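Novice: If you scroll down you'll find the structure; I have some questions about it.
The values are calculated or read from the model by the stated rules, or taken from the named source; none is laboratory data. This one's a predicted model, so the numbers in the text were calculated from it and none came from an experiment. Positions of Cβ are backbone-derived with ideal geometry, glycine not excepted, and every protein chain shown enters the neighbour counts.
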Ligand code: SF4
């Protein structure tokens, strides 16, 4: 692993020795400063002008040009309780709690994502995903550090190979925002790292030799924290491996910093398809005009966008919130793909829901919205057991000949279960067309028999 520059002084996660100038986009930020003093404190002194617009009450004075500059957002992430308190009023007790939790699980929120929070609502669903809760510590003993046992399936550093035909590249642990429910929270304490050139070469070498792998997922951390140029180099090398058919990228940038989805990135992605981009919207309030435009730009590059949300207590754990989210996603052409049961990760227990909550939500959605808007509810099993889809139980009873099924309204229906194979078909094969039709007619007691016999080859037998 290569650790990062101390240049991002606002982010304790990224304050590390060494540099990674060729890979991490924040270093390019240093080479291309936006021109103005870029910390929020300084911006507070800058007078509003006609170029300013209200990004809401929290960041109303930030110039439009900077607000559209994802590098500015990244560089000005809110990472201390003092910065946070300027935007979200916290009681002294809350400040002490955030400070305490941040020592174990750091805080990092982009100004963009923070601007979506209603500062007056302590139960705000955006706030709960971004701002540390004392419950991360007080309930922190519950769960596992690495619930999916990714370490055990790591075949070379940064490559998890669990399923025969798929492999996961963990390219960095850096994210634009640190989501409180993250499965890889354990990585936050290690500071910011990006895979070195040698590590990436070892990953590629493994993939070249393992011809069963046809689907590679690049995740992290967030792979879009790499510069578009660096990510493009890695994609080009993956594309040069003939047996790799599909590349998937997992990123939360469209949700937490949609300004990152710029024309340079989209042009690069369009060169290396088929690429599928999986993103992570959890609540309809995250579907802003900026997020919609970002998804539109990705889709227009020829990259389909799917959503993988996590079921979170008090955030999106009702039929109403999931319906709003999934319908909103379809409106921006993003397919709801998975709804994950929140993993058994230490520091997330307060956000986890009973499994039945998920199946009840799916049951409540089915029939009341298009099947396209229905994600698959899945549990990722501990110890590397893999994903198991969970569905409401619609089968009340079944036999070889009949199923008793319940529909979305709770009405009960009997459904004839066809026999395995079709014994009648074999006898038909040996007969002439006329004999076959005669058999159908006799058995079904169809009227107008004579007409059928006259023109057997042109008969249409309706069921
Ligand atoms: S963006 Fe993904 S990997 Fe990064 S902190 Fe959020 S959930 Fe974790």
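Novice: Residue by residue through region 153-183, note down the ones that are within 19 Å of residue 226 (Cα to Cα) and within 13 Å of the ligand (Cβ to nearest atom).
Specialist: Passing the criteria: 168, 170, 171, 172, 173, 174, 175, 176, 177, 178, 179.
Novice: Only one of 320, 360 is at negative phi, part of a helix (DSSP H, G or I) and without any contact (Cβ under 8 Å) to a residue 12 or more places away in the chain. Can you tell me which?
Specialist: So the residue among 320, 360 that is at negative phi, part of a helix (DSSP H, G or I) and without any contact (Cβ under 8 Å) to a residue 12 or more places away in the chain is 320.
Novice: Quick check on my filter: what residues within region 258-296 are more than 16 Å from the ligand (Cβ to nearest atom), out of contact with any strand residue (DSSP E or B) (no Cβ under 7 Å at 6 or more places or on another chain), assigned to a helix (DSSP H, G or I) and closer than 21 Å to residue 220 by Cβ?
Specialist: 264, 265, 266, 268
Novice: Within region 103-125, identify whether any single residue is within 14 Å of the ligand (Cβ to nearest atom) and either free of Cβ contacts under 8 Å to residues at least 40 places away in the same chain or farther than 17 Å from residue 80 by Cα (or both), and answer yes or no.
Specialist: no
Novice: Does residue 220 satisfy being in contact (Cβ under 8 Å) with a residue 12 or more places away in the chain, under 27 Å from residue 107 (Cα atoms), in contact with a strand residue (DSSP E or B) (Cβ under 6 Å, 6 or more places away or on another chain) and surrounded by 21 or more Cβ atoms within 10 Å (Cβ to Cβ)?
Specialist: When the stated conditions are applied, residue 220 passes them.
Novice: With the structure loaded, tell me whether residue 237 is assigned to a loop (DSSP other than H, G, I, E, B), more than 16 Å from the ligand (Cβ to nearest atom), at pLDDT 95 or above and assigned by TED's automatic domain parsing to the domain that holds residue 261 or whether it fails that test.
Specialist: no
Novice: Just one of 305, 255, 319, 310 is assigned by TED's automatic domain parsing to the domain that holds residue 343, at pLDDT 95 or above and more than 16 Å from the ligand (Cβ to nearest atom); which is it?
Specialist: Unique residue meeting the criteria: 319.
Novice: So residue 106 passes all but one of these: (1) assigned to a helix (DSSP H, G or I); (2) under 22 Å from residue 280 (Cβ atoms); (3) touching a helix residue (DSSP H, G or I) at 6+ places or on another chain (Cβ under 7 Å). Which condition number does it fail?
Specialist: (1)
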